[in-house]
Amino acid sequence: MLSRRRFTLSATALGVTMLGITGCSRPSERTTEDLSADVGLTDSGQPIVTEELTLTFGGAKSALAPEFETMELVKTWQEDSGIEIVWNNEPDEVWGEKKNLLLAGGDLPDALFTSGLSDAEVAKYGANGTLIALEDLIEENAPTLTAILDERPDIKAAITASDGHIYTLPSVEEMGLVEFPRMLFLNTDWLEELGLEMPTTVEEYHDVLLAFKEDIPGGVLPLSFMDAGDISDLIAAIGGQPDNHDHRIVEDGEVVFTANTEGFRDAIAELHSWYTEGLIDQESFSQDYVKFVSKGKSDPETLGSFFFWEIPEVVGPERANHYAVVPIFPGPDGVQRACVANNQEINRGAFAITHTNEYAAATMRWADMLFEPAMSAQANWGPIGVSQELNADGLLEQIPVGEGETEQERRVKVSPGGPKIVTADDFETVVLPEPRAAERQAQIAEFYEPHRANEKYPPVMLSVDELNTVSTIEADITTLVTEKIATWIVKGGIEQEWDGYVSQLESIGLSEVLAAYQAAYDRFAEHT
């Protein structure tokens, strides 16, 4: 049996910053006594404790999810571990407000499950001792996670703060989907009706949209989307400039801003011409999800083409076969460029332990239970026998959903999420992707992955100084770029205003932001 011991909470000497962290906000030597041995902490395996232990967890959950304690998988966790959890997880929007009050007021749960912590909050509450450093606890009480981090230094680097400590555990799902979050889909029924072929160049695509507008009756929307960030592949095809929603990419180890390049300018100017021809939905820069998908399901059929992550969600399953993926168009130089987004498959903030927790070792053992690959798969998609089953090859496979329910609707009802790691290898040896995810994987493999245009910005945890620089400046840059893109596509004027816009970006502080991102990128690269 493990003996009672004391864990030291690491100190960080930080200057006064906008994040509210000061050099004196955290004592240089602060300890909390761990009482896990008093409740019979076992050396390994299940149960984790032999005596009664109740812990409180707080965090976020889907608004459609039931109370966690009613989930079958959560009940299994309690039976296996011997630890009872009192769950205080709230819908995302509620938790966002409650989290700030808890962290500021000190009335803390023992741990945060799906914490919703931003990097700035991790830096702040890690530095002042609200969240405890986890690296020693991981090494001594989390053999499953330790083995994964030893094999995957990139995951370890992603969850390690700039002060060298780990304050939160990861959630990882390596399906290869999030780098290409938007694809272009085209109404092939209309192509057939008009005797047209699938376009292979942006010029042919423009002509198809024009034909839709002129020859298909009923108020056609030739192209629709929800945000200017959705059309990065179109910008690359017209102007030759890889882009993404953040307008931040990596090329040959250099962090590059994309929305001040000549290729970007030329693409926006051309898209203004498309807009004046009536080829772009006038609400593309203002519509929300509900408005957007309602157009896909309208009667008569309205959408000629659209950017989204899948077809059925927009147009409904009954029309899904009316649309197909459009291949990536070559740019002005003949190169096909599929733009890579900065969306991450390695995410921080899935789990954190607070300084009020008197059973940190047992809590870490509990969290480590979820990193076993088959358990991570169940935490992510639901338990065996409910939403998954073992197939003839010994792999977990989705049980088909019942009539009137989608995979996503069932998923939020049966899978609590939280800390988990499902690697690309696990998708070959442990669990099969959901059918809809498998379809997207096939589409990406065929149409997008061969034409990967750029390196995405990695899951770097910025330092406090870098966070302060970015948080101070980047919001103003984003506002300016977003407003200008919409204005220039709708009203024109980019040629006359371009030089002033580029100068304004610099005066706001673009170079400082890029320098901060570059320093963080270089630090991350050193450890991977």
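The values are calculated or read from the model by the stated rules, or taken from the named source; none is laboratory data. Computed from a prediction, not measured in an experiment: that's the story for all the values here. Cβ atoms come from the backbone with ideal geometry, glycine included; neighbour counts cover every protein chain shown. Areas reflect the complete protein model, heavy atoms only, side chains present, ligands, DNA and RNA absent. Shrake-Rupley method; radii C 1.70, N 1.55, O 1.52, S 1.80 Å.
Summary table below
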{"item": "Of all residues in region 288-339 being acidic (Asp, Glu), under 23 Å from the mean Cα position of the chain (by Cα) and closer than 20 Å to Asp233 by Cβ, the one that is most open to solvent (accessible area, probe 1.4 Å)", "result": "Glu313"}
{"item": "Cβ pairs under 9 Å, 6+ apart, first in region 427-438 and at pLDDT below 95, second among the β-branched types (Val, Ile, Thr)", "result": "Arg436/Thr406"}
{"item": "Region 70-84, residues that are touching a helix residue (DSSP H, G or I) at 6+ places or on another chain (Cβ under 8 Å), open to solvent by 20 Å² or more (accessible area, probe 1.4 Å) and in contact (Cβ under 8 Å) with a residue 12 or more places away in the chain", "result": "Glu72, Asp80, Glu84"}
{"item": "Residues satisfying the stated conditions in region 346-367, i.e. assigned to a loop (DSSP other than H, G, I, E, B) and surrounded by fewer than 21 Cβ atoms within 10 Å (Cβ to Cβ)", "result": "His355, Thr356, Glu358"}
{"item": "So Phe285, is it closer than 20 Å to Pro222 by Cβ, open to solvent by less than 20 Å² (accessible area, probe 1.4 Å), under 27 Å from the mean Cα position of the chain (by Cα) and among the aromatic types (Phe, Trp, Tyr)", "result": "no"}
{"item": "Answer residue from region 199-244, given it is touching a Ser or Thr at 6+ places or on another chain (Cβ under 9 Å) and charged (D, E, K, R) and is most open to solvent (accessible area, probe 1.4 Å) among those", "result": "Asp227"}
{"item": "Single condition Tyr359 does not satisfy, out of (1) hydroxyl-bearing (Ser, Thr, Tyr); (2) closer than 18 Å to Ala228 by Cβ; (3) at pLDDT 95 or above", "result": "(2)"}
{"item": "Matching residues in region 381-410 - criterion: being farther than 17 Å from Ala438 by Cα, open to solvent by less than 70 Å² (accessible area, probe 1.4 Å) and within 24 Å of the chain's Cα centre (by Cα)", "result": "Gly382, Pro383, Arg410"}
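Each row is one residue, and each column tells you yes or no for (1) modelled with pLDDT of 95 or more; (2) charged (D, E, K, R); (3) surrounded by 17 or more Cβ atoms within 10 Å (Cβ to Cβ); (4) more than 25 Å from Pro330 (Cα to Cα).
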| site | (1), (2), (3), (4) |
| --- | --- |
| Pro458 | no, no, yes, yes |
| Ser463 | no, no, yes, yes |
| Leu467 | no, no, yes, yes |
| Thr472 | no, no, no, yes |
| Ile477 | yes, no, yes, yes |
| Leu480 | yes, no, no, yes |
| Ala486 | yes, no, no, no |
| Lys491 | yes, yes, no, yes |
| Ile494 | yes, no, yes, no |
